[in-house]
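Visitor: A single structure is presented below for examination.
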Amino acid sequence: MFLRMEQLSGVDNPRHYRTEIIEELQELLLSGSSALPDPKRKSCYNLENQERLFFIHISPNRGTAALIATWLLRSRAAMEREDCAEANIQTIA
């Protein structure tokens with residue numbers, strides 16, 4: 001699904017992530033992004049941009065989003081390096 005908020009009253013930051021991360025999320029929500037709804041949690045979504053994945057809750061009543069968690073995405077090159085390193089370890093051992 002595509003998620004874009006026409007108006008965003010704010011982003012709640014209960015875990016005190018850096019301001020840059022909150023601004024990145026705000027920009028993503030206002031410009032729009034593909035989102036994956038959480039099947040077990042109402043109004044919760046996974047959103048991602050080029051570098052980061054965000055797990056958020058959107059309050060239907062207040063028009064705010066809460067950043068629950070975020071983490072960096074591993075690049076394809078990094079995953080391939082890790083796979084090669086594992087293969088080398090397994091071969092040597």
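Taken together, the values in this text are just the output of simple stated rules run on the coordinates, not laboratory data. Everything quoted here is computed from the prediction, not taken from an experiment. Virtual Cβ from ideal backbone geometry, glycine too; neighbours counted across all protein chains shown.
Visitor: Which ordering of 17, 45 is given by a fewest-first count of other beta-carbon atoms within 10 Å? Before the final figure, lay out each step's value.
Guide: Details: 17 16, 45 21.
Least crowded to most crowded, the residues run 17, 45.
Visitor: Please rank 70, 19, 64, fewest neighbouring Cβ atoms within 10 Å first, as an exposure proxy. Walk me through the intermediate numbers first.
Guide: Details: 70 19, 19 8, 64 16.
Ranked by crowding around the Cβ, least crowded first: 19, 64, 70.
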